[in-house]
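Notes follow the structure.
The values are calculated or read from the model by the stated rules, or taken from the named source; none is laboratory data. Only a predicted model underlies this, so the values are computations on that prediction, with no experimental measurement involved. With ideal geometry, Cβ positions are generated from the backbone for all residues, glycine too; neighbour counts draw on all protein chains shown.
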Ligand code: B12
Ligand SMILES: Nc1nc2c(ncn2[C@@H]2O[C@H](COP(=O)(O)OP(=O)(O)O)[C@@H](O)[C@H]2O)c(=O)[nH]1
Ligand SMILES: [Mg+2]
């Protein structure tokens, strides 16, 4: 029996081995991904990102415990950075996830970022697809919030939680610019620390700058506040306004409120059609990337390197414009 | 195809809190280009075997300074086998009396390291036990 079939049958060792092959993009791993593709598209993908030490792993632990109470199967993909000097990594997220040990309804996989631009996002997407096909209901992806590949990973998720902690990012400058672009829910973890109010104020200010919503109006000379709503209508389209929630992950505080926010977001995704749109956008990008990759591969197989370099030499000598050179190369491909 | 990395689980079974050695070894393996999954203190053999399976590691390194190695190590080795991971290489470090070393090796432990062991030796032993680059 092949790996893909064993994974569908619930074989955990086969699952673990396939994850490695997908991470290493071996031919066997890629073939299995293709075979599993029709079985994907069912799981809820939850991204958890934020600076190191904000309490992401502790929060993931709590989220998983709660989903387990609802008897959902949970997979966790925990990404930590590789050393840029040696390529090695210490992956320590499991330390905070001890509570999940001994439960076969949970599967935790640590991944090193391996420093590859775009490659990480691709490998993570593959790993997530395998978990999805294996029947996990919720897949939580923990990443360190920095850099473009993190944004890509957040885009992979249906719901993205950005975790902040008081004292780490309480002035606006310190809160990374791209974060609001990806956050569906802003979590202020370590709410037991001082400075939590300042952090919340800073985040609220940023949110209001990004999503100006009129909350106060005048009526007979009196100011009335309109309760903040988590969605607004914009030209007939429903828009999501990121929610802010406070938690203390180490004491499981604020979890019901956070889970409620996730449920609200899930309902919004369904209602607004955003769920389908996100899936479509994601598949489109994957489709496009693969097409380019394969076209280049195909071209390289048909046209010898010497031909490419001789035409490039012509371009360098200014005898041929780049477009003309490419045109001649493409002629070669057809013949 | 991406370069295949050696993946090692470094775990501390038992109840003692001596974690310096485990951390020193974890960092040394990282600096040698390996991917190290560190699970923290007070792991049961069941937790270790489960983590080894989920992470699909090539090797498991156990750090034991409590004196309980003769109970803990065979249990981990047995659970790895039960889970179909008999190929995973097991290394042990910490405070292990000389007379226990041959018995541990009989159980399938590749090598045993005591105080002052060179991390260079640990790295080269792991590399030669695992039949791939990394
Ligand atoms: C520092 C230390 C402590 C510190 C620990 C701090 C910490 N966070 O680690 C503190 C003060 C907390 C401590 C407390 C205790 N300790 Co103490 N401690 C030591 C001491 C002096 C050094 C250990 C150390 O950190 N060495 C440095 C590291 C780098 O070396 P290492 O761990 O040996 O690791 C090397 C190798 O063993 C190997 N290695 C280790 N792990 C691994 C893993 C892998 C995968 C590999 C490949 C290799 C490998 O490679 C490493 C690098 O060379 C030893 C004595 C000694 N000389 O070893 C006693 C010692 C370990 N402690 C001992 C005892 C009894 C205790 C206490 C019970 C004392 C008490 N009565 O309160 C408490 C227990 C506390 C607890 N919660 O468990 C005894 C253990 C006796 C035994 N096993 O038979 C020792 C041996 C002292 C003695 N001679 O009696 N201790
Ligand atoms: N006081 C407090 N500490 C926390 C909280 N959440 C996590 N921590 C601690 O913060 C440290 C980093 O947590 P971790 O989950 O590993 O953060 P990560 O790096 O973002 O994954 C650990 O020591 C946790 O115990 C919290 O809500 N309050
Ligand atoms: Mg973490």
Looking only at the range B:74-84, which residues are in contact with a strand residue (DSSP E or B) (Cβ under 9 Å, 6 or more places away or on another chain) and either touching a residue at least 60 places away in the same chain (Cβ under 8 Å) or in a loop (DSSP other than H, G, I, E, B) (or both)?
B:76
Would you check if residue A:70 is within 26 Å of residue A:262 (Cβ to Cβ), away from chain B (no Cβ under 14 Å) and free of Cβ contacts under 8 Å to residues at least 24 places away in the same chain?
yes
In the range A:96-114, residue farthest from ligand 1 (Cβ to nearest atom) [restricted to those that are in a strand (DSSP E or B) and more than 7 Å from chain B (Cβ to nearest Cβ)]
A:106
Conditions (1) touching a helix residue (DSSP H, G or I) at 6+ places or on another chain (Cβ under 8 Å); (2) surrounded by fewer than 21 Cβ atoms within 10 Å (Cβ to Cβ); (3) not in a loop (DSSP other than H, G, I, E, B); number of the one not met by residue B:101
(1)
State whether one or more residues within the range B:101-117 are closer than 21 Å to residue B:31 by Cα and free of Cβ contacts under 8 Å to residues at least 12 places away in the same chain.
yes
Looking at residue A:130 and the list (1) crowded, with 24+ Cβ neighbours inside 10 Å; (2) in a loop (DSSP other than H, G, I, E, B), which single condition is not satisfied?
(2)
Hey, does the range A:46-68 have a residue that's within 16 Å of ligand 2 (Cβ to nearest atom), closer than 16 Å to residue A:19 by Cβ and touching a strand residue (DSSP E or B) at 6+ places or on another chain (Cβ under 9 Å)?
no
Mind telling me which of the residues B:28, B:51 ends up being more than 16 Å from ligand 3 (Cβ to nearest atom), at pLDDT 95 or above and surrounded by fewer than 24 Cβ atoms within 10 Å (Cβ to Cβ)?
B:28
Screening A:135, A:105, A:126, A:92 for residues that are touching a residue at least 12 places away in the same chain (Cβ under 8 Å), in the same structural domain as residue A:261 (by TED's automatic domain parsing) and within 20 Å of residue A:266 (Cα to Cα) leaves only A:135
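Results for (1) more than 7 Å from chain A (Cβ to nearest Cβ); (2) over 27 Å from residue A:31 (Cα atoms), shown as yes or no for each residue.
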position: B:8; (1), (2): yes, no
position: B:11; (1), (2): yes, yes
position: B:27; (1), (2): no, yes
position: B:57; (1), (2): yes, no
Which residues, counting only those in the range B:29-55, are more than 7 Å from chain A (Cβ to nearest Cβ), in contact with a helix residue (DSSP H, G or I) (Cβ under 7 Å, 6 or more places away or on another chain) and more than 27 Å from residue A:87 (Cα to Cα)?
B:45
From the list A:292, A:270, pick out the single residue that is more than 16 Å from ligand 1 (Cβ to nearest atom) and modelled with pLDDT of 90 or more.
A:270
